1. Residues of the stretch B:40-61 being buried (at least 16 other Cβ atoms within 10 Å of the Cβ) and either among the hydroxyl-bearing types (Ser, Thr, Tyr) or over 24 Å from residue A:37 (Cβ atoms) (or both), which ones?
2. Kindly check whether there is at least one residue in the stretch B:78-91 that is farther than 30 Å from residue A:92 by Cβ, at pLDDT 95 or above, more than 7 Å from chain A (Cβ to nearest Cβ) and exposed (fewer than 14 other Cβ atoms within 10 Å of the Cβ).
3. Among the listed residues A:75, A:81, identify the single one that is in contact with a Ser or Thr (Cβ under 6 Å, 6 or more places away or on another chain) and part of a helix (DSSP H, G or I).
4. Given the options A:50, A:28, name the one that is more than 19 Å from the chain's Cα centre (by Cα) and of a type outside the set (A, V, I, L, M, F, W, C).
5. With the requirement that a residue be facing another protein chain (nearest Cβ under 7 Å) and among the small types (Gly, Ala, Ser), what does the stretch B:14-51 give you?
6. Answer yes or no as to whether residue B:154 is under 45 Å from the mean Cα position of the chain (by Cα), surrounded by 20 or more Cβ atoms within 10 Å (Cβ to Cβ) and of a type in the set (A, V, I, L, M).
7. Against the condition among the hydrophobic types (A, V, I, L, M, F, W, C) and loosely packed, with under 12 Cβ neighbours inside 10 Å, how does residue A:30 come out, does it pass?
8. Can you tell me how many residues within the stretch B:92-105 are surrounded by 16 or more Cβ atoms within 10 Å (Cβ to Cβ) and more than 8 Å from chain A (Cβ to nearest Cβ)?
Amino acid sequence: MSSEIDILLEIEREAERKILDARAEAERIVADARRRAAEMIREAEATDVRHIEAEYSKRIEDEREAVIKKYKSEAEAIRRAAMEKMDEAIELVYKWLIKGGVE
Amino acid sequence: MGVEELRKEILEEAERKVNEILSEAKAEAEKILREAEERVAEIRRAKEDEARKRMEEKLRSELSLARIEGKKLIVNTRWELVDEVFRRAWERVVSYVGSDEYYNDFLPRMVALGVSRIGFDEVKLHMNEADVGRVRGVLRRFAKEVSRRVGRDVKISISNNPLRITGGVVVSDPDENVFFNASFDALFNRAREELAPDVFEVLFGGG
């Protein structure tokens, strides 16, 4: 009789150990998942955006040059048109001076 | 129930408990990793959006500066051309000074104008050294021409201190209290101020 009780007690202890081991394993599984999650988030925080910056830098340069080119072209057109009126303008100033600034 | 049956029941119960514990832990771990993946996607999207927003702002700013630079270029081009007009007009004036027309028409005309403006019939003329020499040599004829233009007798003297001017004349009363400045240098400064709008209109006006 007493040996049957001892056997049952031993079996209970064995069951208890299995459950405790399972709980320890469960904690390790969850802790590992948390560590991995934290690592993933850290990596995401350090996301490299240089490819975006490079793409825009090229675009900025191209569009800036286009704007300047447009204005240079406009300035040249103004110059060409004005040169055709240059003599008329010079005459206006010269005549005014020769008249002594009197209308 | 025998010992063996009890043993089996206890161990089977323990096994069910173990499986339940491990199953819940795996489900919990999967949930943690799934949520982390969602968070990672959110973070990456936010970083890329922020980078794009920052670079769009930089693009706008650079283009705005480029447009300002371009407009300055247009303004500078116009002013260079206006300056060219005045520069060339001045060259013509410098050629005109010392000509017959300068001595026979311009100078007496300016002196006559000076006489009317300052209100004196006796005046002193201030000119550059070359003009002093030339006019002094023909002073009587010169004074007669001025008197004709004014319509009454005008007495003229010439200052002994020549001016450092390109040409033209400064007319004063004999005591040098009142002046009429018809030097080309002063006229040119006035011309720049008064005629710039007209020059602009000629060079860049519509049509």
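The values are calculated or read from the model by the stated rules, or taken from the named source; none is laboratory data. Note that the coordinates shown come from a computational prediction; the quantities given were computed from them, not determined experimentally. Ideal geometry is used to build each Cβ from the backbone, glycine not excepted, and the neighbour counts take in all protein chains shown.
1. If the condition is that a residue be buried (at least 16 other Cβ atoms within 10 Å of the Cβ) and either among the hydroxyl-bearing types (Ser, Thr, Tyr) or over 24 Å from residue A:37 (Cβ atoms) (or both), then B:51, B:55, B:59 are the ones that fit.
2. No, the conditions are met nowhere in the stretch B:78-91.
3. Unique residue meeting the criteria: A:75.
4. Just one listed residue meets the conditions, A:28.
5. Correct list: B:14, B:25, B:29, B:36, B:51.
6. The answer is no for residue B:154.
7. Judged against the criteria, residue A:30 is not a match.
8. The total comes to 3.
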